[in-house]
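The values are calculated or read from the model by the stated rules, or taken from the named source; none is laboratory data. On a predicted model such as this, the values are computed, not experimentally measured, just so you know. For neighbour counting, all protein chains shown are included, and Cβ atoms are generated from backbone atoms with ideal geometry for every residue, glycine included.
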Amino acid sequence: MEYLIHLAIVISIYSILGLSLNLIVGYTGLLSMTQAAFYGIGAYATAIAMTSYGMNFFLAVVIGILLSALSALAIGYVLSRFDGDYFTLGSFGFNVIITAILVNWRGFTGGATGIPAIARPSLFGFTFSGNLSFLVLVLVSAVIIYFICQFIVRSSFGRVLKAIREDEKAIQVFGYNTKYYKLAIFAIGAMMASVAGAFYASYLSYISPAQFDINESAFILSIVVFGGLANNKGAIWGAAFLILLPEALQFVGFPSGIAEQLRQVVYGLALVFLMLYRPQGLVGEYKI
Amino acid sequence: MSTIKIKNLYKHFDGIKAVDHLNLSFESGKITGLIGPNGSGKSTLINLLTGVVPFDSGVVIISETTKLLRVKPYDMASFDITRTFQDVRLFEQMPVIDNILVVLTKRGIVGSLFEQHKKYHLEKAKEVLERVGLWEKRNELAADLSYGQRKLLEIARALAMNADIYFFDEPFAGLFPEIIKVVSSILKELRDKGKTVVLVEHNMELIRELSDYCIVMDSGELLAEGKPNDVLSQKAVIEAYLGE
């Protein structure tokens, strides 16, 4: 049971990350590779606020959200000068920069060894120390974020985001200064990723820079693409699929000597075949 | 109603003069035909006037009062200017109705975030889609429409803007005769409402039929202007445009 609860917590956290990036990639068409940086900013802000300043988890989350939003606005402002592949490369670069800051600002971040002993959240005297109660908290947050995403994409603002994805120059002619829309959704996505980071830090009680590097951004992007771009449910399906598939492969009776390697091969092949035969992802509404 | 004038407008691409110090005026309540051979600068001129491409120098004057040394595409809607594109530019993976609603709803991030389309937005969308015969297709993706329907949707999107100045960049290209009739009637209707209509077109019959005034461009320069029949009979125009 503990194992299932653990999986549900991880899926919930990655669902939040998938939802956050889907707003940026799936709905707005900005192929960002820096989501793990905002995830990391949220995790570190929470960890530092709780361990160094003794703050409550929920206050630390708010600080993380604000920091992520400010970082996203600064990074987004620079990236707004780039289009297409250059945007993606630039976002890739920012993830590398943020990871480098986390590694090298040792006095504040603990450097490569990271930050241990991060406490679980507590509210009105109740501590979410058990995994089940923690799952409830993460799940409620994921559901709230899902509905916020639904609200955004169903609004007139969401329709403009989709138009930017389809033809940014054309929608500008109809009176939209798209730069501000892109900045806004970049910041909103970063704030959501920051919440996921806070939960991650508190759940594992330990974080290090390697957990928020470019590979993690690639994994979050995979969640969005496999689940299906421009579909909020897709982000959740994608998270569940990519986390459960390797777990499920553990129960397949591969020969013991090469079991781990075979699992990796089957996992990779499954992803390749999915993309070949369903390029829009599991429930996607948009193809890159 | 608004007029649009340009003074000394200049644009070059890699040393080639695309628009060469042009002085023009587009009057309200008229359809102005803008013609010229391929590469003469017609579409570039529209792109300059709608901010899609920045111009190097010159002035754009809207309604005699607003002088613009720089034109930003997102500012043009506030000057009641709208357009269609030579190569149809729709929001392909969005439903037909959303292609219209997106130009009807609020500008501004906070306002649009807390707004879903309202009844009057839907009514306006229905009005323009019915005008071009696409209301029945409202839930289909724009990408799934035929070429002619895509052209019509782009025109409907421009109509939804309820602008004063319309630039139509080859709206008849590749259309069947019955759709040409629909588009022609829309243009005439706009003129009769006192709007400023600029029509880039290669079909001389349509230019003669629809235009009140005609401007001929060649190599980025003004070659001739005046009444369509007068202009189209000028030797220089025939030589440059018709290659005769």
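Things to note:
- One residue stands out in segment B:14-42 among those that are charged (D, E, K, R) and in contact with a strand residue (DSSP E or B) (Cβ under 8 Å, 6 or more places away or on another chain): the one that is modelled with the lowest pLDDT, namely B:K17.
- Qualifying strands (runs of 3 or more DSSP E) (wholly inside segment B:42-111; at least 3 residues being touching a residue at least 40 places away in the same chain (Cβ under 8 Å), more than 10 Å from every other protein chain (Cβ to nearest Cβ) and closer than 28 Å to B:G194 by Cβ): B:57-62
- Scanning segment B:41-57 for residues being buried (at least 20 other Cβ atoms within 10 Å of the Cβ) and over 17 Å from the mean Cα position of the chain (by Cα) gives a total of 1.
- Residue list for segment B:112-152, restricted to those being in contact (Cβ under 8 Å) with a residue 40 or more places away in the chain and either facing chain A (nearest Cβ under 10 Å) or at positive phi (or both): B:G133, B:L141, B:A142, B:A143
- Looking at B:F172, B:F167, just one residue is without any contact (Cβ under 8 Å) to a residue 60 or more places away in the chain and either outside any helix (DSSP H, G or I) or not acidic (D, E) (or both), and that residue is B:F172.
- Test: residue in segment B:206-214 that is buried (at least 22 other Cβ atoms within 10 Å of the Cβ) and under 21 Å from B:V102 (Cβ atoms): no
- Enumeration of residues in segment A:153-165 that are assigned to a helix (DSSP H, G or I), at the interface with chain B (Cβ under 7 Å from one of its Cβ atoms) and surrounded by fewer than 22 Cβ atoms within 10 Å (Cβ to Cβ): A:R154
- Among the residues of segment B:26-37, the one identified as within 13 Å of B:G220 (Cβ to Cβ) and surrounded by fewer than 21 Cβ atoms within 10 Å (Cβ to Cβ) is B:P37.
- Applying a threshold of 6 Å to beta carbon distances and a minimum spacing of six or more residues, or different chains, the list of pairs starting in segment B:7-25 at a residue that is under 12 Å from B:L222 (Cβ atoms) and in contact (Cβ under 8 Å) with a residue 40 or more places away in the chain and ending at one that is among the β-branched types (V, I, T) and crowded, with 19+ Cβ neighbours inside 10 Å reads B:L9/B:V19; B:V19/B:T44; B:L22/B:I6; B:L24/B:I6.
- Filtering segment B:220-242 to residues that are closer than 22 Å to B:K30 by Cβ, among the charged types (D, E, K, R) and assigned to a helix (DSSP H, G or I) leaves only B:D230.
- Tally, over segment A:172-187, of residues that are of a type in the set (V, I, T), crowded, with 22+ Cβ neighbours inside 10 Å and more than 7 Å from chain B (Cβ to nearest Cβ): 1
- Test: residue in segment A:151-159 that is under 18 Å from A:G197 (Cβ atoms), modelled with pLDDT of 95 or more and within 22 Å of the chain's Cα centre (by Cα): no
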